[in-house]
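Structure, as structure tokens:
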Amino acid sequence: MSKVIRNGTIVTADRTWKADILVQHDKIVAIGHDLNGDHEIDATGCYVMPGGIDPHTHLEMPFMGTYSSDDFESGTRAAVSGGTTMVVDFCLPSPGQSLLEAIQMWDNKSTRATCDYSFHMAITWWGEQVFNEMPQVVEKGITSFKHFMAYKGALMVDDDEMYSSFQRCAEIGALPLVHAENGDVVAQLQAKLMEEGNNGPEAHAYSRPPEVEGEATNRAIMIADMAGTPLYVVHTSCEQSHEAIRRARQKGMRVYGEPLIQHLVLDESEYANADWDHAARRVMSPPFRNKQHQDSLWAGLQAGSLQVVATDHCAFSTEQKRYGVGDFTKIPNGTGGLEDRMPVLWTRGVNTGRLTMNEFVAVTSTNIAKILNMYPRKGAIVEGADADIVIWDPEATKTISAKSQQSAIDYNVFEGIEVKGLPKTVLSRGEIVVEDGVVKAKPGHGKFVAREPHMAVNRALSQWKEVTAPRRVERTGIPASGV
Ligand code: DUC
Ligand code: ZN
Ligand code: ZN
Ligand code: ZN
């Protein structure tokens, strides 16, 4: 069955033009005019863009004594309903567990995904086994490794482990990722706040000030530079971290920063809400910041010093959040956002003039497809690409509400926000998963996307170093004498 998307305006990261798109099976096979297909999709008045890619989700993740409430089925349903056609989730081995065994667990969890997905591997412990298994993980198409510099006593890696792992990443063409917060300082601040009787959700934000993020971002960048690898900093939430990334990029390093939609639009005043549940539902790490930090993140997206907008989707119900009554350090960290990222970013970014439509496509899809080495299969409207397409109605409006969401939890941190600009029809590898705003996604349609290692551009040196093998002298003949 072929499909023609007719009468729309195509918007990619680099251009905007009027043309139709022919989709055959799961691929885009032609872009142009007078195309014919078995089935017509009318895109009059709409923009036709590459489906969103959210490179930062935690679906059904074991964390802080519980599991995040959206699994691959409800999470990817939420994703497609908001125009996101691919997620990259974190495979999290428990300490001492084989990385390959953890992949098996994530393979099992993801069988009911409704859109395509990939994994990052988390380095949650370090040893010879991890070192030896890392190339095998890359062979399975998982070419990015996440390092938590926070969550002391649980997920945190120290500098020794991080440097070793970054060097290993450089050798095997993988990209290291960091959750950059100084976990030692956070642990001390948490203990001090609790001792002082500061046990409410607002103390969560006091225990993780921008300085702990800035310090860790700087440290990770320096370690990546010494290891000779690029670096991707997840959930960049503040000016201190953004500044470190800007400085590194100016020196010639390939360092990428990823603000979350939550940090762009929600601020720290949420934690001052007198309602414990309201504040606790917004507990995530890093916490929401003030307006100056938000302005810095928007400026970074505009200037290109920050490249990707993600969600860190990690949804916990109110009941789960209440594990932390009387002790904020036990509130499961995480918020949702998968189905709202694109409409909220469009509303607060494109409709306000802060982002062009092309920049919107770049930060929601194309840039991360390039960074994670799956471009142009993903993140592009081009012949041969996967037909992951969102037909976007810029005039459609709604008020975000937990009542109408796909996510399995009982609230929404964006509750009450009015959005203008919504997906009308969404295709995931050629299959219609949203039609006229109605979700038709089928569990199990989603497939794992294996990624290639990134050797050719896996260079992030602040000073140029010889990277090729020493030149061999060509000898055309043997000299007659020994001269
Ligand atoms: N931060 C969160 O808020 N949740 C999941 C993990 C993380 O780093
Ligand atoms: Zn067909
Ligand atoms: Zn994190
Ligand atoms: Zn995360």
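What is segment 288-343's relative contact order, in percent, from Cα pairs under 8 angstrom and six or more apart in sequence?
About 30 percent, as a whole number.
Once phi is turned into ³J(HN,Hα) by the Karplus curve 6.51 cos²θ - 1.76 cosθ + 1.60 with θ = phi - 60°, what whole-Hz value does each residue of segment 251-264 show in order, with x for glycine and proline?
The phi angles translate into 7, x, 7, 8, 10, 10, x, 10, x, 9, 4, 4, 5, 6 Hz.
Got the relative contact order for segment 1-116 handy, in percent, Cα pairs under 8 Å and 6 or more residues apart? Working shown, then result.
Working: 199 pairs, mean separation 24.9, N = 116.
Taking the mean separation of contacting Cα pairs over the length of segment 1-116, I get 21 percent.
Counting just the Cα atoms, what span does segment 1-129 cover along each of its three principal axes? Round to the nearest Å and put the largest first.
59, 30, 28
Can you grab the distance from the C-alpha centre of segment 368-422 to the C-alpha centre of segment 1-25, Å, no decimals?
17
Multiply the residue gap between residue 352 and residue 450 by 0.36 nm, knock off their C-alpha separation, and tell me the result in nm, one decimal place. Present the calculation step by step, with values, prior to reporting the outcome.
Numbers: separation 98, 0.36 × 98 = 35.28 nm, distance 3.68 nm.
Length gained, residue 352 through residue 450: 31.6 nm.
Roughly what % of DSSP beta bridges within segment 1-67 run antiparallel, to the nearest 5?
Taking every DSSP beta bridge within segment 1-67, about 70 percent pair in antiparallel fashion.
Grab the DSSP H runs of the chain that are 4 residues or longer, score each as -39,500 (n - 2.57), total them, divide by all residues and round the 222 nm result to the nearest 500 deg cm²/dmol.
Values: 15 runs with 139 residues, N = 483.
Value at 222 nm, helices only: -8000 deg cm²/dmol.
Which residues in segment 354-376 have a backbone N closer than 12 Å to a point placed 7 Å from the Cα of residue 302 along the Cα-to-Cβ line?
354-356
Among the DSSP beta bridges whose two residues both lie in the chain, what percent are antiparallel, rounded to the nearest 5?
Numbers: 32 of 65 bridges.
Looking only at bridges with both residues in the chain, the antiparallel portion is about 50 percent.
On a straight-distance basis, which lysines could pair with residue 370 in a cross-link, Cα separation under 25 angstrom, same-chain partners fewer than 8 positions away excluded?
List returned: 18, 27, 140, 146, 251, 378, 447, 465.
Alpha carbons only, please: Rg and Dmax for segment 270-422, in angstrom.
Both quantities, over Cα of segment 270-422: 17.1, 56 Å.
Quick one: which residues, 5+ away or cross-chain, put their amide H under 5 Å from the amide H of residue 433? H built at 1.01 Å from N.
Residues meeting the amide H criterion: 426, 427, 428.
May I ask you to evaluate 6.51 cos²θ - 1.76 cosθ + 1.60, the Karplus curve with θ = phi - 60°, for each residue of segment 280-286 and list the ³J(HN,Hα) values in order in whole Hz, giving x for glycine and proline?
5, 5, 9, 6, 8, 10, x
Amide H neighbours of residue 148 under 5 Å, counting only residues 5+ apart in sequence or on other chains, H built in-plane at 1.01 Å?
123, 157, 179
If amide H atoms are built 1.01 Å from N in the plane of the peptide, which residues on other chains or at least 5 residues away come under 5 Å of the amide H of residue 396?
For residue 396, whose amide H was placed from the backbone, the distant partners under 5 Å are 421, 422.
If you bin the C-alpha pair distances of the chain every 10 Å from 0, what whole percents do you get?
4, 20, 31, 26, 12, 4, 2, 1, 0, 0
Rank 423, 335, 166 by how far each Cα sits towards the positive end of the charge dipole of the chain (+1 on Lys, Arg Cβ; -1 on Asp, Glu Cβ) and give me just the farthest.
166
Once Rh for segment 126-174 is found with the Kirkwood sum over Cα pairs, what is the Stokes-Einstein diffusion coefficient at 37 °C and 0.692 mPa s, in µm²/s?
Numbers: Rh = 11.3 Å.
In µm²/s, the coefficient rounds to 292.
Evaluate the distance, in nm, between pseudo-label points positioned 7 Å from the Cα of residue 101 and of residue 191 along their respective Cα→Cβ axes.
3.2
Working out 0.36 nm times the residue gap between residue 171 and residue 39, then minus their Cα-Cα distance, what length gain in nm do you get to one decimal? Could the numbers behind the result be given before it?
Working: separation 132, 0.36 × 132 = 47.52 nm, distance 4.79 nm.
Length difference between fully extended and current span is 42.7 nm.
How high is the relative contact order of the chain? Use alpha-carbon pairs under 8 Å, at least six apart in sequence, and give a whole percent.
Working: 1144 pairs, mean separation 104.7, N = 483.
It rounds to 22 percent for the chain.
Can you work out the PRE-style zone for residue 277? Point 7 Å along Cα to Cβ, and I want the residues of segment 321-347 with backbone N under 11 Å.
Of the residues in segment 321-347, 322 have backbone N under 11 Å from the label point off residue 277.
From the phi angles alone, apply the Karplus equation (6.51, -1.76, 1.60; θ = phi - 60°) to segment 435-441 and give each ³J(HN,Hα) in whole Hz, x where the residue is Gly or Pro.
10, 6, x, 9, 6, 10, 4
At 0.36 nm per residue, minus the direct Cα-Cα distance, what do residue 226 and residue 94 gain on full extension? Give it in nm, one decimal, please.
Details: separation 132, 0.36 × 132 = 47.52 nm, distance 2.82 nm.
Between residue 226 and residue 94, full extension yields 44.7 nm more.
Could you name the aspartates and glutamates whose alpha carbon sits less than 18 Å from that of residue 424, not counting residues in the same chain fewer than 8 places away?
Leaving aside aspartates and glutamates fewer than 8 places away in the same chain, those within reach of residue 424 are 20, 40, 42, 339, 340, 388, 393, 395, 435, 436.
Run the accessible area of segment 50-159 with a 1.4 Å probe and give the carbon-and-sulfur part as a rounded percent.
Values: 1530 of 3240 Å².
Carbon plus sulfur share of accessible area: 47 percent.
Just to verify a number: FRET efficiency for residue 2 and residue 198, C-beta to C-beta distance, R0 = 60 Å, to 0.05?
0.45
The values are calculated or read from the model by the stated rules, or taken from the named source; none is laboratory data. Note that the structure is predicted; figures quoted are calculated from it, not measured. Here the Cβ is made from the backbone with ideal geometry for all residues, glycine too, and neighbour counts use every protein chain on show. We work out accessible area using only protein heavy atoms, side chains counted, and drop any ligands, DNA or RNA first. Shrake-Rupley method; radii C 1.70, N 1.55, O 1.52, S 1.80 Å.
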